[in-house]
1. Considering each residue of the range 74-118, count those that are among the small types (G, A, S) and either farther than 22 Å from L56 by Cα or modelled with pLDDT under 95 (or both), and give that number.
2. Do we find that I62 is within 10 Å of the chain's Cα centre (by Cα), surrounded by 14 or more Cβ atoms within 10 Å (Cβ to Cβ) and among the β-branched types (V, I, T) in this structure?
3. For the range 52-66, state whether one or more residues are of a type in the set (D, E, K, R), out of contact with any Pro (no Cβ under 7 Å at 6 or more places or on another chain) and within 16 Å of A101 (Cβ to Cβ).
4. Can you work out which of the residues in the range 1-50 that are among the aromatic types (F, W, Y) and more than 17 Å from the chain's Cα centre (by Cα) is surrounded by the most Cβ atoms within 10 Å (Cβ to Cβ)?
5. Take the residues in the range 65-89 that are surrounded by 13 or more Cβ atoms within 10 Å (Cβ to Cβ) and acidic (D, E), then tell me which one is nearest to E15 (Cα to Cα).
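The values are calculated or read from the model by the stated rules, or taken from the named source; none is laboratory data. Predicted model only: the values in this text are computed from it and were never measured. Here Cβ is always computed from backbone atoms with ideal geometry, including for glycine, and neighbour counts include all displayed protein chains.
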Amino acid sequence: MKKDPFYKSLSYAIEGIFNCIKKERNIKIHILFMMLVILCGFLFQITYVEWLICILLFGLVISLELVNTSIEAVVDLCTQEFHPLAKLAKDTAAGAVLISAIAAAMIGLIIFIPKIFF
């Protein structure tokens with residue numbers, strides 16, 4: 001079976017991102033916080049390294065939210081009935097997003113608190 005050309009693969013990926021943004025509340029929340037951090041980054045003139053850290057964290061949290069959404073979709077496709085393994089898969093994927101979001105928030109506080117109060 002022949003693979004699609006790169007530009008088609010890229011368009012599928014972009015379509016997946018936009019579909020997730022349209023349908024999922026949590027990714028909208030993550031994007032809102034990302035925009036607030038970007039605004040604060042400009043207001044408080046964070047350093048080049050701090051920008052790199054923030055961008056890395058944006059990518060981590062948003063990527064995990066996309067993976068979480070895909071895992072939930074596959075589990076829902078496989079079964080509409082309650083199954084402990086389906087719950088485990090969905091809860092674990094959501095937990096991965098939560099851990100990354102908490103870590104990102106803590107790092108954000110380490111970056112921004114000194115700029116706000118000192």
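1. Going through the range 74-118 one residue at a time, the tally reaches 2.
2. Spelling it out, I62 is indeed within 10 Å of the chain's Cα centre (by Cα), surrounded by 14 or more Cβ atoms within 10 Å (Cβ to Cβ) and among the β-branched types (V, I, T).
3. Initial filter on the range 52-66 (of a type in the set (D, E, K, R)): 65.
Within this subset, residues satisfying the condition of being out of contact with any Pro (no Cβ under 7 Å at 6 or more places or on another chain) are 65.
Narrowing the set further to residues that are within 16 Å of A101 (Cβ to Cβ) leaves 65.
Scanning the range 52-66, I find at least one residue that is of a type in the set (D, E, K, R), out of contact with any Pro (no Cβ under 7 Å at 6 or more places or on another chain) and within 16 Å of A101 (Cβ to Cβ), so the answer is yes.
4. F44
5. Going through the qualifying residues, I end up with E65.
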